[in-house]
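J.: Submitted below is the structure of interest, expressed as structure tokens.
The values are calculated or read from the model by the stated rules, or taken from the named source; none is laboratory data. Note that the coordinates shown come from a computational prediction; the quantities given were computed from them, not determined experimentally. Glycine also receives a Cβ, built like all others from the backbone with ideal geometry; neighbour counts cover every protein chain displayed.
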Amino acid sequence: MKWLWIIVLVGLALPAAVPRKIHRSKPTPRLYGDSVSVELIRTSNSKVRQKIVDTHNYFRTQVEPPAANMLVMKWHSGLAKAAQRWADRCLGLVHDNATGLYLDGFGQSGQNIFISTGRTLWNFPIRMWYMEYKDFKYGPNTTNELLEIGHYTQVVWATTHLVGCGVSHCTSGEGPLGKDFYMYVCNYAPSGNYRGRLGLPYVAGKPCSMCKDHCTRGKLCTNACYHVDLWSNCAELVRTFDSWVCETDSKEGRERRKFCGATCNCKDKIYYHHGDETEGNVLSSGLSVDGGQDKRDNMEMDGGMK
């Protein structure tokens, strides 16, 4: 039986990567290596794009406790273009910089990275990101380490509703394990993973209870906001100076409104409210999968697809 080795490395907001954990998994994914055609992982294939979106949305319905405000995810071509561009760089478990992650209208996007020495279908890396739920504790006063649960929280961040992904075959032989590898990248907007809020990626409650008239699949909200607040104190400003912040009668007013886009434009929609976070949003970590072996300490986990 073939063993699958998973090495978890962490990328910080600026390009950097350090070893974190090693996992050994048996069996390998149901389809792995040459049994997966390139066409089945290319995001230029509309069926692949839909599978990526569906897999994200499936896991977003599985959170415990259930989410009252979990938005349905949709594909975004701009995020996909940026993710593909970064995957083509073949830098392994290193994140794109703030400029590369910037998405017009949303600011900096989030990013998850997964690398594998063999081709695997997209549902496997997404599942591996989600499996960090085992180390996650929900609540305002919980201790959650970004290095341990950053993929999971980005996948299930309630107000993130756009995703775009790309994959590249990297043949320089300079991957983390000194081998050729496949680099899978997904970018997300609006981004999640605000450090002061890692324990609260969504509001716990009856599914769709915060969007009763805008619900799909019985668990996912459809009333997404396509704006973000770039100022952290927009809600306070609007309460005090609503006509000044959100007015559109002058060029200066329209410019100000851009910085409080969500607060000014999305009163009946779901979006991220700034306030309690102690630091800005940060990128998720990266995952590496190797079909060979590694002599370092390991722990066994199920990496196959059920």
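J.: Taking ASP96 and the conditions (1) modelled with pLDDT of 95 or more; (2) under 28 Å from ALA158 (Cβ atoms); (3) not in a loop (DSSP other than H, G, I, E, B), which numbered condition does it fall short on, given that it satisfies the others?
T.: Every listed condition holds for ASP96 apart from (3).
J.: In the list CYS221, CYS215, CYS225, which residue meets the criterion of being farther than 24 Å from GLY139 by Cα, crowded, with 20+ Cβ neighbours inside 10 Å, under 23 Å from the mean Cα position of the chain (by Cα) and at pLDDT 90 or above?
T.: Step by step, each of CYS221, CYS215, CYS225 is checked, and only CYS225 is farther than 24 Å from GLY139 by Cα, crowded, with 20+ Cβ neighbours inside 10 Å, under 23 Å from the mean Cα position of the chain (by Cα) and at pLDDT 90 or above.
J.: How many residues, within the range 229-263, are in contact with a helix residue (DSSP H, G or I) (Cβ under 6 Å, 6 or more places away or on another chain) and closer than 22 Å to GLY192 by Cβ?
T.: So the answer is 7.
J.: While we're looking at this one, here's another question. Of the residues that make up the range 65-87, is at least one without any contact (Cβ under 8 Å) to a residue 12 or more places away in the chain and out of contact with any Lys or Arg (no Cβ under 9 Å at 6 or more places or on another chain)?
T.: Checked the range 65-87: no residue is without any contact (Cβ under 8 Å) to a residue 12 or more places away in the chain and out of contact with any Lys or Arg (no Cβ under 9 Å at 6 or more places or on another chain).
J.: If you take the residues in the range 47-71 that are polar (S, T, N, Q) and not in a helix (DSSP H, G or I), which one is surrounded by the fewest Cβ atoms within 10 Å (Cβ to Cβ)?
T.: GLN62
J.: What is the one condition in (1) part of a helix (DSSP H, G or I); (2) touching a residue at least 24 places away in the same chain (Cβ under 8 Å); (3) not assigned by the TED database to the domain that holds ARG60 that TRP231 does not satisfy?
T.: (1)
J.: Separate question: So in the range 16-62, with the set limited to residues that are farther than 30 Å from GLY218 by Cβ and of a type in the set (Gly, Ala, Ser), which one is modelled with the lowest pLDDT?
T.: Going through the qualifying residues, I end up with ALA16.
J.: Could you run through the range 99-120 and say how many residues are part of a loop (DSSP other than H, G, I, E, B) and modelled with pLDDT under 95? Don't jump to the end; show me each part of the working.
T.: First, pick out the residues of the range 99-120 that are part of a loop (DSSP other than H, G, I, E, B): 104-106, 109, 117-119.
Still in the list and also modelled with pLDDT under 95: 104-106, 117-119.
Matching residues across the range 99-120 total 6.
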